[in-house]
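Below is one structure, written out as structure tokens; the observations come after it.
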Amino acid sequence: MEERIRIAGLGISGLYLYWRLKNDGFDVTGFDIKKEKFYIPCGYATNENIMQKYMSLINIDFEKYVFSRANQITFAGNKFDDRILDPSGLCTFDKNKLEEDGRNSIEISKINRNKGGLIIDATGISRSYLGKSPGDSQYFTLEYLTDSSDHRDFYFYFFEGGRGYFWSFPLGNRYHIGAGSLSKADLDTVRKYIPVRITSRNIRMSPQFSYIQNGNVIGVGEAIGTVSPITGEGIVPSLRSAEILYECIKKYGIEDAGNAYRHRIMDEFGYYYRLSRLVSNIQAGRILNLSNIAAIKYVKKTVNEFGIRLEILSFIRHFI
Ligand SMILES: Cc1cc2nc3c(=O)[nH]c(=O)nc-3n(C[C@H](O)[C@H](O)[C@H](O)COP(=O)(O)OP(=O)(O)OC[C@H]3O[C@@H](n4cnc5c(N)ncnc54)[C@H](O)[C@@H]3O)c2cc1C
């Protein structure tokens, strides 16, 4: 049996994992179906402080890719009344360029499923190698790249009933204006703007941690649902899952990494199930219940990790 590690999908999690393994001497190749110059559908918002740490581990200087840093973040809609929040690292960055640079010099090799070894499914929403998982929850998204916006700084507008939100994020002298929602009708909030580019794909909004391994295939990133059910943040959580998998492969070898990886993913991201339940409860109108109240501290955690200061007491009425 060939002992090679083959990574399917060279988005942020796949390329990160490739370099972590490669730089440690593992026999690893990568493959992606993406066409050259494909414009990645994503807000490109992240927490600069956390990104810097991950990127330095694969010798990428994150600072070079930063487009805009948040000064004042507005939360509107759903009783938020245009509340201004302080940033704690929220920025946008050139995700296309960073991923393109990160993919340069990766050893590319098409994946033959029958060859043995370990296949990493880092194919994001498609789970091309792991296969479909029951209970998967996906939202619709639509995003425009524009030359102008009604909002100069980072702006979030939350739709009624926990359906999702509209965003406007500055990218240097341009903007990403988008919406992600359970309801396709909410995507119309984006259509009044004039697009330079239009992108769209579904986003996985529920953890799928019971379905992260299938035979010799192990998943990372959005393929396994490392996307915050509250903020839709998937970049940093996907990197974190890739780092955990790297550490498990290094410690236990490719045959035995899966078990330890599953446990560590649950330790790190198990609270996503609570957040996912909170969102479902809000969508179903089950507002005042104990499980929602218990989940509120995790709302603060996930919003803070995105790089936004959120003091929960003053926001409690928005979540329950
Ligand atoms: C509209 C939108 C806005 C978003 N905004 C943000 C944001 O502002 N901040 C944030 O943190 N997160 C955001 N997210 C989520 C975030 O983009 C993803 O969760 C994150 O990039 C996931 O990384 P990944 O590497 O797991 O998957 P991806 O980045 O999706 O990469 C998957 C890769 O797999 C490749 N692939 C697919 N099928 C195959 C196959 N069969 N074989 C080989 N390769 C394949 C694809 O071409 C792609 O390169 C957003 C998502 C959407 C849809």
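Each value in this text was obtained by applying a stated rule to the coordinates, not by laboratory testing. Note that the coordinates shown come from a computational prediction; the quantities given were computed from them, not determined experimentally. A quick note on method: Cβ atoms are made from the backbone with ideal geometry, for glycine too, and the neighbour counts reach across all protein chains shown.
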Original post:
When the chain is fully extended, how far beyond the present Cα-Cα distance does Tyr252 get from Arg83, taking 0.36 nm per residue of separation?
Top reply: 56.1 nm
Original post:
Which length gain, in nm to one decimal place, applies between Lys34 and Ile316 when the Cα-Cα distance is subtracted from 0.36 nm times their residue separation?
Top reply: 97.3 nm
**OP:** Provide Lys110, Lys53, Lys22 in ascending order of the number of other Cβ atoms located within 10 Å of each residue's Cβ, fewest first.
**Re:** Lys110, Lys53, Lys22
**OP:** Arrange the following residues from fewest to most other Cβ atoms within 10 Å of their Cβ: Ile5, Ile111, Ile249.
**Re:** Ile111, Ile5, Ile249
**OP:** Could you please report the charge total around Thr231, scoring K, R as +1 and D, E as -1 over all other residues with beta-carbon less than 13 angstrom from its beta-carbon?
**Re:** 0
**OP:** Could you pull out the GluC sites (Glu not before Pro) across the stretch 75-115 that fall in loop regions by DSSP (anything but H, G, I, E, B) with no more than 13 other Cβ atoms inside 10 Å?
**Re:** Glu107
Original post:
Relative to the first principal axis of the alpha-carbon coordinates of the chain, what is the inclination of helix 235-269, with its axis defined by its Cα atoms, in degrees from 0 to 90 and to the nearest 10?
Top reply: 20 degrees
**OP:** Compute the length gained on full extension between Ser148 and Asn114: take 0.36 nm times their separation in residues and subtract their Cα-Cα distance, giving the result in nm to one decimal.
**Re:** 7.3 nm
Subject >> Kirkwood estimate for the chain, i.e. one over the average of 1/r between Cα atoms, Å >> reply: 20.1 Å
Subject >> Unsatisfied cross-links (Cα-Cα over 19 Å) in the set Lys184/Lys300; Lys115/Lys250; Lys34/Lys110 >> reply: Lys184/Lys300; Lys115/Lys250
**OP:** Take the alpha-carbon positions of the stretch 112-250, form their convex hull, and give its projected area averaged over all directions (one quarter of the hull surface) in nm².
**Re:** 10.1 nm²
Original post:
Averaged over all directions, how much area does the convex hull of the C-alpha atoms of the stretch 226-320 cover when projected, in nm²?
Top reply: 6.7 nm²
Original post:
Based solely on its DSSP helices, what 222 nm [θ] is calculated for the chain when runs of n ≥ 4 H residues each add -39,500 (n - 2.57) and the sum is averaged over all residues, nearest 500 deg cm²/dmol?
Top reply: -10000 deg cm²/dmol
